[in-house]
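A.B. asks: The following block contains the structure, expressed as C-alpha cells.
The values are calculated or read from the model by the stated rules, or taken from the named source; none is laboratory data. Just so it is clear, the structure is predicted and the values come from calculations on it, not from any experiment. Cβ placement follows ideal geometry from the backbone for every residue including glycine, while neighbour counts extend to all protein chains displayed. We work out accessible area using only protein heavy atoms, side chains counted, and drop any ligands, DNA or RNA first. Shrake-Rupley method; radii C 1.70, N 1.55, O 1.52, S 1.80 Å.
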Amino acid sequence: MLSAHSITKSFAGVPALKGVSLEIRPNEVVGLIGENGAGKSTLMRVFAGTHQPDGGTLTRDGQPVRLRNARDGAANGIGMVFQEQSLLLNLSVAENIYLGQESQFVRFGLVDWKAMRCAARRQLDKIGVDIDVTARTSELTFAARQMVELAKALTLEETIARPLVILLDEPTSVLSGSDIEILFNRVRSLKSRASFVFVSHRLDEVLRISDRVYTMKDGEVVAEHRASDISGPELHKIMVGRGLHTAYYKEDRQLPPRDEVLVDATDLGAGDTFSHVDLKIHAGEIVGIAGVVGSGREEVTRTIGGFMSHTEGSLKIMGEAVHFRSPEQAVRRSIGYIPRERRLEGLVMFLSIAENISLADLSAVTKNGLINYHAERALATDWISRLHIKAPGPDIACRKLSGGNQQKVVLARWMTAGSRILILDHPTRGLDVGAKEEVYELVRELSRQGVAILLISDTLEETIGLSHRVIVMRDGAVTARFDAAPGNKPDQVDVVRAMV
Amino acid sequence: MTANIDNLKAGGASERRSALLGLARRLTNKRAAPLFVLIALCVLITIANPSFIEPRNLVRIANSAAVPLTLAMGLTFIILLGSIDLSVEGSLSVAAMVVVLLAANDANTNQFGWLAVFAAIAASTVMGLATGLIQTMLRIPSFMATLGVWFIGLGISVYMLGGSAVRLMDPSIRNLALARFAGLPLGVWVALGAFAFACTIQYHTRLGRYIMAIGGGEDLAELSGVNVRRVRILAFGLAGFFFGMAGVLSAAQLGRSDAVIADGRLFAAVTAVVVGGTALTGGEGGVVNTLIGVLIVTILGNGMILLGVSPYVQQTAQGLMIIAAVALSLDRIRLQIVK
Amino acid sequence: ADKPTLVTSIRSLSNPYHAVWKSGAEAFAKSVGLDHVTLVSEGNSEKGIADIKALLAKTGGNMVLNSDPNDTPDARPIVEACAKAGAYVVTQWNKPADLHPRDFNPYYVSHIEFDGTVSGKLIAEILFKSIGGSGGIVALGGQISNTAAIERKQGLEAALAANPDIKLLDFQVANWKSSEAYDLTGNLLTRFGDQVKGIWAANDDMGTGALEALRAEGLAGKVPVVGVDGIKAAVDAVRNGEFAATVTSDPFWQGGMGLSIALQALEKKFDPTTQPPDHREFYGKAVLISKDNVEEYYKTNIESQPTVDWNDLWGRVTGPIRS
Amino acid sequence: MKTYSDIRSFMSAGWLQGAIPPILLVVLILIIEIAAPGFLSGETLMLLLSNTAVLFILAAGVTFVILIGGIDLSIQAVASLASVILAQLLPRIGLWAFPVAILSGLVFGILSGYVHVRLKVPSFVATLATGGVVAGIALWIADGRAITIEEGGRANTAWINGTVAGIPAVVLIATLIGLVAFFAMRYTRFGRYSLAVGAGEPAALAAGINVPRTKITAFAVSGMLAAIAGTILAARLSSGSPNLANQLLLPAIAAVIVGGTAITGGLGGVARTAVGALIISIVRIGMTFVGINIFAENVVFGSVLILAVAITIDRSKIAIIK
Ligand SMILES: Nc1ncnc2c1ncn2[C@@H]1O[C@H](COP(=O)(O)OP(=O)(O)OP(=O)(O)O)[C@@H](O)[C@H]1O
Ligand SMILES: Nc1ncnc2c1ncn2[C@@H]1O[C@H](COP(=O)(O)OP(=O)(O)OP(=O)(O)O)[C@@H](O)[C@H]1O
Ligand SMILES: O[C@@H]1[C@H](O)[C@H](O)CO[C@H]1O
Ligand SMILES: [Mg+2]
Ligand SMILES: [Mg+2]
C-alpha cells in the first residue's frame, strides 16, 4: 500500500538512510525499532513528505509518488505524529487539530470557528479523551498534547477516502499506562481504515500492537519479523547486538551511600506547589521521587536546581544554607541539572559538542582566563570516546545528534564541571534500550564516585531499580518513603498506592 | 511490564490547583494590562487638564491616531509572524506619491480621482508582495529585506517627486481629512474600517490563523501543511495594503506629499505595537492590542502638549513613559524569554 | 588643464527647499557648460563628508564645491579636505563660529548665511499685525539644535518683546516636519482653543502642516500662518490669504551663486585673499513674500524659472556675519 | 599538531561560508575599479578605511547585542551624547574628557541592559526609549546647540586626526578595537556565554550561565563602543552635537547583518562585522565614484544591501529565517 524502495538520505554528507526498502500493507500495524540514530524518524519523515530522499522511490498503491511537503503527504492520506511534539503552543487545541485543514470550515472566506470546535471535540471523543478544545495548548500536560497530536493525525480520516497511513513516532514515550491503552485500542479499531507505523523503544509495546516488526540499524533495515514469531529478548539482541543484561539497572553495583550529606532540605516549601518536604541526599546516594503530574516532585527538583526559589523551610547544600535565585547559583554550588526537555534546556543545540561540554565550567579549558580551543576540543574528544558518543567529531553541532547521544553530552558537561549533586529529570526519555543501559551504567559510576543524585523518571521500575531510596509525593507533600537497598527493593504496588 | 506513572492520576490536586491558578490568573491578568495603562493615562491627563475629555479633543486624538492605526495594523501582522517590517516609511511614501501624482495636483495634469487612491494602495501592496517574495525566495531575514525595500521605496518617491512637495488638489480625496460623518473626519472612519478589516483577517480567516501559527513556530506550522512561503508573501502584501491606505490618509491630511512624508512613522508604529502587548518574537498579541497601543502612544503625545511639557524634555519624558508602559503591561508570564 | 567639476552638497532631495537649490545649481552649470554633480548626505554627516572626499579623490581636487553642511560641525572637515586637495569651496548656513574663510586662503572662498533673527522677527511682526496687534499665538520651532532654528526663534522673541499685547501661548518643536506640525497643531488647539489667533512656524513645511490642521477644523484663512523658505505651497497660501507671509533666502540663487563664487575664484577672476571681509562671510538678502508682492513673485519665481545674473557675485551682500 | 587540528576544524567549520563576505568585498572593489578606473589607489583605499572606522566601531558594539539575540537602537544617541560631553569638557579637563565621555556610554549601555533585563522590556523598545532619554540629555547638556571644539581643545583631539607611519590614527584605533572585540568574543567567558545565550537562552540558563549579567554586559559594551565612536566623530568634526551621529544607526546594524551575523543571535562575530562595514562603505563611496545618478542612489543602495545579505548569510546555521 505504501512502500519504500532503496531510499537513501544524507545530512551534510553523513548518511542517515542507506537504501531502505520497506513495505506497509493494508490494515496492518508495522513496528519499527532501532537504536537512537538508526534512522527511524528520518524514514518516517520521508514517508510524511517533510524530508525529501536523495535516492530511491516511494510508491503508494503501486504508483510512484513524490511528496514535496507535508501537504503532499496529507493529500496521499499519510499523517504523522511527530517524535518532538509539533503542536503550536500559542494556538488552541481545536486550532491545532485542524491547522492546515481549515478549508472544510470556511464559508465566504471566513472560518466558522464554532463548527471547527465541534469537529475537534468529536475527534477527541473518538479517541476517548476529554480535553477542552478552546484551551491554549501551552496549558495542557505533555500527555494531553500527545493525544491532541493523535487526534490531529486522525482528521485525515474525514477528508481522504482512501485507506490511510498513520505514522506514530514514539507516541508512547510520554504517555501513561492508561493512555497507552487508549491509544492502542484506538489503533486496533482503526485498522480497518488505516495502516499504522509504530516507532517505540519499548519492545514489549511494539510486540503487543504490531503485526510485523522491522529492525533498523545504522540507516539500514536489518531484520523483518512477524510479531508472533519473535520475543522481546530476541529482538533486543538483534537490535543492540548483544543480549539483555539480567541486571538491567546494575543493582549489583549499587554501593551503600557515604556519610556525608550533600543535600539537606528541611520543611522545604515553595508557594502552593509543595510544602514540608524533608529530603537528605548523601554522597553516592540515588534518591528517586515518585509521584504523578502535579504531585510537586518537578517543583522540588527545580527548586534544588535553582530554577525556583523556596518560600518555606531551609535548604542546605554541602552543609551551607542556600537560597537560590537562579540556576547559576546552583551550578556554583556544584549542582548539575539534566532536564527532560533536552532540546530546550539541555543543550544549546546550535553550539558544538565541545562548546556544550565546557559550557558550565570553562575553567577546565581556560588558560589565563582565555579559552583554549585545543584543550576544549581534546576534552570533548575524550568524552566522545569514553561515553561512546556517536558523532563525527567534537565540532559537530549538538542538534545533529540523536537523543541518546545528546543526553550523554549533557552528562559529560556536568562531569566536566565536577558536579557533586546531579538532578536527573527523566534522563532516559526517548533513549533506545542500549543507550539507556549505558546511561544507567554512567549513573551508577557517578554514584560510586560519591555524586549525590536526585532522580525523576518515566517509569516506576527505573526509579525503583536505580535508587537507594524512593520518596513518594502527592499533592505537594511527601506521602511515603521506601528504602531500596539491592535485593530489598520496594514493591511497585506499594509505591503506587502512596502516589494516588 | 513497565508501569508508566507520570499521568496515572491528574485529577484531584491538579484540578484544585488549576481552579486556584485560574483565579490568580484572572486577578493578575496581564493581557488586559495595556487597557488599564490606557485608562489610567486618560484619567491622569483628565485630572491635570479636563479639556482632554472634551469631545473636540477626542475627535482630534482620533484624527491623529488614524494614520498610525492604519499603519500599525499592517505592521502587527508582520510582527505576529515574528518578523519585522522596516519598509513602513518607504511604502507609505510611495503610496502618498502615487496618489498625489495621479489625482489632481499642481505638478502635472493628471486627474484620475479615486482611481489614484486605488493605484496608490495597489502600488504599496505590490511593494509588500515583492518584499515577501524577496524575503522568502532569497531566504534573507525580513529585517534586511525590508531595510532594503525602505531605501528603494524612498528612492523611488524622491525620483518621482523630483524632490518637491506636490499638492493634492482633488477635493473628494481631500475630504478624507476635511469632511466629517457623525462628527468624525472620514479618514477616521477609514482607519476604523481598516481596523475592522484587520480584525476580520486576524480572527476569522485562515490567513490570520496561519500568521499566528508561523509566529508560534514556523517549522511546526510547516509540518501541519501550512504553506509558509505563501503566507509570508501574503502577509507582507497585506501589510503593504495597510501602509498604502495610511499613505493615502497622510497625503489627504497634509494636502500634499513629499518623500519624507513618513519620516519617523516606523519607530512610532513599532512602539505602538509593542506597547499594546504584541510580542516581537511573534505569535502573541494582535490587532486589538495594537489599537490600544496606538491610543496609548497618541494620547501620550496629546497629553504632553496639554500638560505643556517643554519640548526640551519631551523626548526624555516619552522614553521613560514608554518604558513604564511596556514594563507595566507586558505579559511576562507568557513571555518567558524577552529578546 | 581639465575642466573643473561643479559639486553641490546638500542634505537631501526630499525637501522642496533643497530641490530648488539643486535646480539653481543646474541652471548655473548649464550657463557655464561644466559638469555638475549633486551629493546628498541624507542627514548623515559622515556620509556627507565621505562623499565629498571621494569626489576630491576622483577629480584630484579639480573641483568647486557649494555646500550646505548637514550640521554645523561638518563644515570644518569639509573645508580642510578641500583646502588640502586644492579645491575651491563655498559654504552656506552652517559653520562653527571659529572657522573662517581667511584661515584657508585661497580655497575657502566664502560663507553665506541669512540672518535668521531678521527673518524670524520679520514674519512675526507681519503675523502680529495681521491679527490686529493683540492676542495669543503658538509657535512651531525647527530641530532644537539647528542654528537656523535657534536664530529664528530669537527673532520671534525679539518681536514678542516689542509687542507686549501679543501672548506666546506655547512654543513647540516639530523638527521641520509637516506631519509633526499637523498633529501638534491639533493638540495645541485643544489646549488653547479660541485663544490661538495666529501660528508662527520656523519653516514653511511646518507652516503648511499647521495650515492643514487648521483646515480640518474649518479655521484655514481665519487663523493666519507665517513661515520661512518660500516653498510653492506657502506662496500659494499667501496668494489665497491663508498664510500672512513667508520669507525666502532664495535657494535657487544659493544653489547657483555659491558655485559661481567658487568657480570665479578658481578661474582667478578675483582673488579671494584681497576681498573685503564682508565678501568672505556675509548675510545674503532674504526676500519677503507677503500679499503685497506675492503675485509678482509667483510670476517670476514659481511660474517661470527665475533669472539670476550669475556674475553679480556680491549684489546680495547685506553685511558681515555677527558673531 | 595544534595548528593541524586548528586548520582541520577551520575547514570543517564551513570555512567557505566564512570566506564569502570577504570575497564579496573584493568583487565589489573590482566592479567599482572597472566602472571607474582609479578607484584602486592607495589613497582611496586609505580614505575608505578611515571613513569606515566610526561605522565599524558602532557596528562592532551592536554586534555583541545582536549576538545575544537583542538589538540596540540607542547607539546613535549615545554616540551623540559622548560627542557633546567631549566637546563640553575638553576645554576644562583636557584629555580626561575622553574617559568621561566613554564612561557615559558605558553607563547608558548598562542602563539599557538593565531596563531590558530587569524590567523585561523587549530590547527593541527598551533601547528605542533609552535612546530618546539619552538624546534628551544630550540636548540638555549641549544647551540645545552644537558645540564647537575651539582651537585649545583641538590640540587634544589632533592625535585622532593624525597619522601614524602613514596610516590614519582612526584606522589604527578601529583595528585595535576590532581585535580586542574579536578576542573578547572568541576567547573569553563572556564571549562564549553571549553565543550560548543567543543560540539557546533556556539551555544557557540551565547550564549555570548568568544570563542577565551576560546580557547587561553586552549592552554595556555596545554603549561603550558607541561612545568611543562618538568621541572619534567629535574629534573628526571638531565639535559635539546632539545630532552628530544621526543616521548612523541603520547603517551600523546593516553592517552587522551584511557581514553574516544572524539577526536572531547566536551566530556571527566581529570579524564578520568588519567585512560588513567595509561592504557598506564601499558601496556608498563606490556610488559616488561611479557617478550613479543621485536619484538612483537609494534604490541602488537598497538593492545591494538585499543582494549582499542574500550572498553572505549562512543559512545552514540559522534555524528559521524570520
Ligand atoms: N536535520 C538533520 N540534520 C543533520 N543530521 C540529522 C538530521 N536529522 C537526523 N539526522 C541524523 O540522521 C541520523 C538518523 O536520525 P533519526 O532521527 O532518524 O534517528 P532515530 O532512529 O529516529 O533515533 P531516535 O531513536 O533517537 O529517535 C542520526 O545520525 C542523526 O544525527
Ligand atoms: N556564570 C556567569 N555568567 C556570565 N558571566 C560570567 C559568569 N561567570 C563568570 N562570568 C564572566 O567571566 C568573568 C570571569 O568570572 P569570574 O571572575 O567569576 O571567574 P572565576 O572566579 O575564575 O570563575 P569560576 O567560578 O568559574 O572559577 C567575569 O568578569 C564575568 O564577566
Ligand atoms: O527647511 C530647512 C529650514 O527651513 C532652514 O532653511 C534650513 O534648512 C532647511 O532644510
Ligand atoms: Mg527518532
Ligand atoms: Mg528517540
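A.B. asks: Assuming B:Gly225 fulfils every condition listed in (1) within 14 Å of chain A (Cβ to nearest Cβ); (2) open to solvent by 30 Å² or more (accessible area, probe 1.4 Å) apart from one, which condition is it?
C.D. replies: (2)
A.B. asks: Let me ask you something else. Which residue out of D:Arg213, D:Arg284, D:Arg315 is charged (D, E, K, R), surrounded by fewer than 24 Cβ atoms within 10 Å (Cβ to Cβ), within 30 Å of D:Ile85 (Cα to Cα) and within 10 Å of another protein chain (Cβ to nearest Cβ)?
C.D. replies: From the options D:Arg213, D:Arg284, D:Arg315, the qualifying one is D:Arg213.
A.B. asks: Still on this structure, I have one more. Working only within segment A:364-382, note down all residues that are in a helix (DSSP H, G or I) and either facing another protein chain (nearest Cβ under 9 Å) or within 16 Å of ligand 1 (Cβ to nearest atom) (or both).
C.D. replies: Restricting attention to segment A:364-382, the residues satisfying the condition of being in a helix (DSSP H, G or I) are A:364-365, A:373-382.
Once the filter is applied, which keeps residues that are in a helix (DSSP H, G or I) and either facing another protein chain (nearest Cβ under 9 Å) or within 16 Å of ligand 1 (Cβ to nearest atom) (or both), segment A:364-382 yields A:Tyr373, A:His374, A:Arg377, A:Ala378.
A.B. asks: Of the residues that make up segment C:9-21, is at least one away from chain B (no Cβ under 14 Å) and of a type in the set (Phe, Trp, Tyr)?
C.D. replies: No, there is no match, as no residue in segment C:9-21 is away from chain B (no Cβ under 14 Å) and of a type in the set (Phe, Trp, Tyr).
A.B. asks: Report whether or not D:Thr175 is away from ligand 5 (no atom under 16 Å from the Cβ), among the polar types (S, T, N, Q) and open to solvent by 10 Å² or more (accessible area, probe 1.4 Å).
C.D. replies: yes
A.B. asks: Condition (residue is open to solvent by 20 Å² or more (accessible area, probe 1.4 Å), within 12 Å of chain D (Cβ to nearest Cβ) and assigned to a loop (DSSP other than H, G, I, E, B)) applied to segment B:304-314: is it met by at least one residue?
C.D. replies: Yes - at least one qualifying residue is present in segment B:304-314.
A.B. asks: Just give me the residues in segment B:143-185 being small (Gly, Ala, Ser), open to solvent by less than 20 Å² (accessible area, probe 1.4 Å) and touching a Gly at 6+ places or on another chain (Cβ under 9 Å), in sequence order.
C.D. replies: Within segment B:143-185, B:Ala145, B:Gly148, B:Gly153, B:Gly155, B:Ser157, B:Ala177 qualify.
A.B. asks: Here's a follow-up. Can you tell me how many residues in segment D:255-302 are among the hydroxyl-bearing types (Ser, Thr, Tyr) and farther than 19 Å from C:Leu55 by Cβ?
C.D. replies: Looking only at that region, the number is 3.
A.B. asks: Kindly indicate which of D:Val125, D:Val134 is in a helix (DSSP H, G or I), without any contact (Cβ under 8 Å) to a residue 12 or more places away in the chain and buried (at least 24 other Cβ atoms within 10 Å of the Cβ).
C.D. replies: D:Val125
A.B. asks: Out of contact with any Phe, Trp or Tyr (no Cβ under 8 Å at 6 or more places or on another chain), open to solvent by 20 Å² or more (accessible area, probe 1.4 Å), part of a helix (DSSP H, G or I) and farther than 20 Å from D:Leu139 by Cα - does that describe any residue in segment D:57-69?
C.D. replies: Scanning segment D:57-69, I find no residue that is out of contact with any Phe, Trp or Tyr (no Cβ under 8 Å at 6 or more places or on another chain), open to solvent by 20 Å² or more (accessible area, probe 1.4 Å), part of a helix (DSSP H, G or I) and farther than 20 Å from D:Leu139 by Cα, so the answer is no.
A.B. asks: In segment C:120-143, what residues are crowded, with 24+ Cβ neighbours inside 10 Å and either within 16 Å of ligand 5 (Cβ to nearest atom) or not in a strand (DSSP E or B) (or both)?
C.D. replies: C:Gly120, C:Ile123, C:Ala124, C:Leu127, C:Phe128, C:Gly142
A.B. asks: Buried (at least 23 other Cβ atoms within 10 Å of the Cβ) and closer than 30 Å to C:Pro16 by Cα - does that describe any residue in segment B:320-332?
C.D. replies: Looking for residues that are buried (at least 23 other Cβ atoms within 10 Å of the Cβ) and closer than 30 Å to C:Pro16 by Cα, one finds none in segment B:320-332, hence no.
A.B. asks: Could you tell me whether A:Lys217 is within 16 Å of ligand 4 (Cβ to nearest atom) and of a type outside the set (S, T, N, Q)?
C.D. replies: Values: within 16 Å of ligand 4 (Cβ to nearest atom): yes; of a type outside the set (S, T, N, Q): yes.
Yes: the conditions hold for A:Lys217.
A.B. asks: Of the residues in segment A:15-66, how many are more than 14 Å from chain B (Cβ to nearest Cβ), assigned to a loop (DSSP other than H, G, I, E, B) and within 16 Å of ligand 4 (Cβ to nearest atom)?
C.D. replies: Number satisfying all stated conditions: 5.
A.B. asks: Test each condition in (1) open to solvent by 30 Å² or more (accessible area, probe 1.4 Å); (2) within 12 Å of chain D (Cβ to nearest Cβ); (3) more than 16 Å from ligand 4 (Cβ to nearest atom); (4) touching a strand residue (DSSP E or B) at 6+ places or on another chain (Cβ under 8 Å) for A:Arg420 and report the one that comes out false.
C.D. replies: (2)
A.B. asks: What do you reckon, is A:Ile353 more than 16 Å from ligand 1 (Cβ to nearest atom) and buried (at least 24 other Cβ atoms within 10 Å of the Cβ)? Let's see the steps before the verdict.
C.D. replies: Values: more than 16 Å from ligand 1 (Cβ to nearest atom): no; buried (at least 24 other Cβ atoms within 10 Å of the Cβ): yes.
Taking the combined requirement at face value, the residue does not satisfy it.
A.B. asks: For segment C:147-174, which positions are of a type outside the set (A, V, I, L, M, F, W, C) and free of Cβ contacts under 8 Å to residues at least 60 places away in the same chain?
C.D. replies: C:Glu151, C:Lys153, C:Gln154, C:Gly155, C:Glu157, C:Asn163, C:Pro164, C:Asp165, C:Lys167, C:Asp170, C:Gln172
A.B. asks: Give the residue that is farthest from ligand 1 (Cβ to nearest atom), with candidates limited to residues of segment A:388-411 that are basic (Lys, Arg) and within 14 Å of chain D (Cβ to nearest Cβ).
C.D. replies: Step by step, filter segment A:388-411, then rank; the result is A:Arg399.
A.B. asks: Just give me the residues in segment A:418-438 being more than 14 Å from ligand 1 (Cβ to nearest atom) and of a type in the set (Ser, Thr, Tyr), in sequence order.
C.D. replies: Once the filter is applied, which keeps residues that are more than 14 Å from ligand 1 (Cβ to nearest atom) and of a type in the set (Ser, Thr, Tyr), segment A:418-438 yields only A:Ser419.
A.B. asks: Suppose the filter is at the interface with another protein chain (Cβ under 9 Å from one of its Cβ atoms) and either more than 20 Å from the chain's Cα centre (by Cα) or at negative phi (or both); does D:Gly166 pass it? First the steps, then the outcome.
C.D. replies: Values: at the interface with another protein chain (Cβ under 9 Å from one of its Cβ atoms): no; either more than 20 Å from the chain's Cα centre (by Cα) or at negative phi (or both): yes.
Judged against the criteria, D:Gly166 is not a match.
A.B. asks: Going by what's in this entry, would B:Leu291 be described as more than 14 Å from chain D (Cβ to nearest Cβ) and in contact with a Phe, Trp or Tyr (Cβ under 7 Å, 6 or more places away or on another chain)?
C.D. replies: Judged against the criteria, B:Leu291 is a match.
A.B. asks: Does at least one position in segment A:240-252 carry a residue that is more than 17 Å from A:Val472 (Cα to Cα) and at pLDDT 90 or above?
C.D. replies: Within segment A:240-252, none of the residues are more than 17 Å from A:Val472 (Cα to Cα) and at pLDDT 90 or above.
A.B. asks: Please work out if A:Arg60 is open to solvent by 10 Å² or more (accessible area, probe 1.4 Å) and among the charged types (D, E, K, R).
C.D. replies: Judged against the criteria, A:Arg60 is not a match.
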